[in-house]
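The structure appears below as structure tokens.
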Amino acid sequence: MTGPPEKPVEQRLHGDLPVVDAATAAGAIDADATVLTSGFGSVGYPKAIPLALADDDRDLALTVVHSGNVGDEIDVDLVESGAVERRFSYQSSRVARDLTNRREVSFSDRNASSIGDEVQHGGMVDPDVAVVEAVAVGEDWFVPSTSLGQVPAFVEAADRLYVELNRRQPLELQALHDIYRPDAPPNRDPVPISDPGERIGTTHVSFEPEKLAGVVETDTADSTYTFRDPTDDDLAIAENLGEFLDAEMERSPVFEDAVHLQFGVGSLGNALMGELKELDFGGRDVVYFGELIQDGLLDMLDDGRLECASATSMALTDEGQQRLFENVERYAEDVVLRPADVSNHPGVIDQFGVVGVNSAIEFDIYGNVNSTHVGGKQMINGVGGSADFNRNSLVTVCALPSTLKGGEVSRVVPMAFHVDHTEHDVDVFVTEQGVADVRGLSPVERAERIIENCAHPEFAPELRSYLDDVREQDNHIPHDVQRAAEWHE
């Protein structure tokens, strides 16, 4: 077959392709190359070539770019080998976290929606090679596997391309994909989508044939997620969120016919999805428009509680991925995977009036949210797509337990010493203690409501004392920085 497929493909290899082993591919990548990889939500990332690079005996100083979380082959083995000098964007493994905090690996974070443009048009890096995972490949196209992220932009930007053809991933995954490429600025039109379930693109990524440097055949599973069972706090947060959503649906005419939801990845987000399937939406269509599809969404689809789900990655557990693989064509009736520059597009999020629900490490009494650093210093993970949805959703919700470490540490603090999402971007805070809707409030009014409704009773008196003392200042946002810093020690 030559040219991109016009109908579903029934075999994996098409045409006279340069099939090589992983060591050969790795050896052909320059020691100081900038490598763009697929992967988002810990799935759909290349596995064999990163491991071969980790075993390479050259003195490597790679720059590695991916648009979302990847698996251990990249985030542990390759990083731990010392082959990576610089990384963009997002990391979450202990190894990558430690090397980042020791500054042995230079790490720069980016929003999920923008990294494709920054690679292609922003001068962030000079791309050399893209390494991606696929379920089928031809001479000038391939079908991605379980995630998309910024793969189309990366492939377009790179000089060379290696495709890992993973036979462990079912060929039927092609039915999920809807790959649309925006034009380059300043000739970029709005994304032509009118419904989250609408398909506006293709099932494949096209590329110039001369870019294809090699195809590496693999048979390796993704590093899937492990979600813990919901805690009592998770269930209380879900109940509080449900009560807020119920009131908001009655209050706002935007939600008269449908509710568009987004949840951040993680055990809490998965638990919230699972609990919300019990919420009475009053006959409204419930639609998911976000970046990650987790097991809780499959549960809602199976129960007939979800109209459709649009995302860029199938971030599932082993059980959830097995469920997907056994029923891909059925799920494809209601599930669409898009590139991250569509799934996280500010204009599209705004267009659908999304209710965005994301977690964080902590938030302060004035409504500033820290998603990435402990104590303002220690990197835990990247910001991912939370900024895309916090900034552009119609209603933005920050949901998290009010404490951690068995109740020893408050996650509501006087002052966040690292801020990923400012007080301008978050509307509602939800903990197991209650809900603080801070829309339209002044900073001190926000602080009063957050302390009253969201802080744990063990810490609320001290937070009130702090606010009472600093509010005597003639400042719009009163603070005692030294006293606030003591909370983080």
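The values are calculated or read from the model by the stated rules, or taken from the named source; none is laboratory data. If you're wondering where the values come from, they're calculated on a predicted model, not measured in any experiment. Heads up, the Cβs are rebuilt from the backbone with ideal geometry, glycines too, and the neighbour counts pull from every protein chain shown. Accessible surface is based on the protein model in full, side chains and every heavy atom, while ligands, DNA and RNA are left aside. Shrake-Rupley method; radii C 1.70, N 1.55, O 1.52, S 1.80 Å.
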- Residues located in region 151-177, provided they are out of contact with any helix residue (DSSP H, G or I) (no Cβ under 8 Å at 6 or more places or on another chain), free of Cβ contacts under 8 Å to residues at least 60 places away in the same chain and of a type in the set (A, V, I, L, M, F, W, C): Val163
- Message: Going by what's in this entry, would Arg446 be described as surrounded by fewer than 17 Cβ atoms within 10 Å (Cβ to Cβ) and of a type in the set (Lys, Arg)?
- Response: no
- Quick one: would you say Ala54 is open to solvent by 30 Å² or more (accessible area, probe 1.4 Å) and out of contact with any His (no Cβ under 7 Å at 6 or more places or on another chain)? no
- Message: Looking at Asp425 and the list (1) among the charged types (D, E, K, R); (2) under 32 Å from the mean Cα position of the chain (by Cα); (3) open to solvent by 20 Å² or more (accessible area, probe 1.4 Å), which single condition is not satisfied?
- Response: (3)
- Any residue in region 1-30 that's among the basic types (Lys, Arg): show its pairings with residues that are open to solvent by less than 80 Å² (accessible area, probe 1.4 Å) at Cβ separation under 8 Å, as long as the two are six or more apart or on different chains. Arg12/Val135; Arg12/Ala136; Arg12/Val137; Arg12/Leu165; Arg12/Leu171
- Task: Take region 468-489 and flag every residue that is farther than 20 Å from Glu452 by Cβ and either part of a loop (DSSP other than H, G, I, E, B) or open to solvent by 60 Å² or more (accessible area, probe 1.4 Å) (or both).
- Result: Gln473, Asp474, Asn475, His476, Asp480, Val481, Gln482, Arg483, Glu486, His488, Glu489
- Item | Residue satisfying condition, being touching a strand residue (DSSP E or B) at 6+ places or on another chain (Cβ under 8 Å) and closer than 19 Å to Arg97 by Cβ, within set Ala61, Ala83, Ala54 | Ala83
- Query: Going through region 224-277 one residue at a time, which ones are of a type in the set (Asp, Glu), more than 23 Å from Thr317 (Cβ to Cβ) and open to solvent by less than 60 Å² (accessible area, probe 1.4 Å)?
  - Reply: Glu248
- Message: The conditions are (1) more than 19 Å from the chain's Cα centre (by Cα); (2) open to solvent by less than 40 Å² (accessible area, probe 1.4 Å), and Arg439 fails exactly one of them. Which is it?
- Response: (2)
- Task: Looking at (1) under 24 Å from Val129 (Cβ atoms); (2) open to solvent by 20 Å² or more (accessible area, probe 1.4 Å); (3) not aliphatic (A, V, I, L, M), find the lone condition where Thr218 falls short.
- Result: (2)
- Cross-chain or 6+ apart pairs with Cβ under 8 Å, region 450-475 first and closer than 23 Å to Ala236 by Cα, then in a loop (DSSP other than H, G, I, E, B) and open to solvent by 50 Å² or more (accessible area, probe 1.4 Å): Asn453/Gln433; Cys454/Gln433; Ala455/Gln433; His456/Gln433; Pro457/Gln433
- Message: Tell me yes or no: at least one residue of region 148-163 is of a type in the set (Asp, Glu), at pLDDT 95 or above and under 23 Å from Lys7 (Cβ atoms).
- Response: no
- Query: Within region 309-330, can you find the residues that are under 12 Å from Glu172 (Cβ atoms) and surrounded by fewer than 23 Cβ atoms within 10 Å (Cβ to Cβ)?
  - Reply: Phe325, Glu326, Asn327, Val328, Glu329, Arg330
- What helices (runs of 4 or more DSSP H) completely inside region 338-407 contain at least 3 residues that are over 16 Å from the mean Cα position of the chain (by Cα)? 346-351
- Message: I'd like to check something: does region 345-357 contain any residue that is out of contact with any Phe, Trp or Tyr (no Cβ under 6 Å at 6 or more places or on another chain), modelled with pLDDT under 95 and open to solvent by 30 Å² or more (accessible area, probe 1.4 Å)?
- Response: no
- In region 419-456, which residues are in a loop (DSSP other than H, G, I, E, B) and hydroxyl-bearing (Ser, Thr, Tyr)? Thr422, Ser442
- Assess whether Ala416 counts as being in contact with a Cys (Cβ under 7 Å, 6 or more places away or on another chain), closer than 26 Å to Gln91 by Cα, part of a loop (DSSP other than H, G, I, E, B) and not aromatic (Phe, Trp, Tyr). no
- Kindly indicate whether any position in region 363-383 is in contact with a Pro (Cβ under 8 Å, 6 or more places away or on another chain) and under 16 Å from Arg110 (Cβ atoms). no
- Item | The listed residue being at negative phi, basic (Lys, Arg) and buried (at least 19 other Cβ atoms within 10 Å of the Cβ), out of Arg110, Arg181 | Arg110
- Message: Which count do you get for residues in region 69-101 that are of a type in the set (S, T, N, Q), within 17 Å of Phe40 (Cα to Cα) and either touching a residue at least 60 places away in the same chain (Cβ under 8 Å) or in contact with a Gly (Cβ under 6 Å, 6 or more places away or on another chain) (or both)?
- Response: 4
- Item | Boolean, Glu333 is open to solvent by 10 Å² or more (accessible area, probe 1.4 Å), closer than 24 Å to Pro8 by Cα and free of Cβ contacts under 8 Å to residues at least 12 places away in the same chain | yes
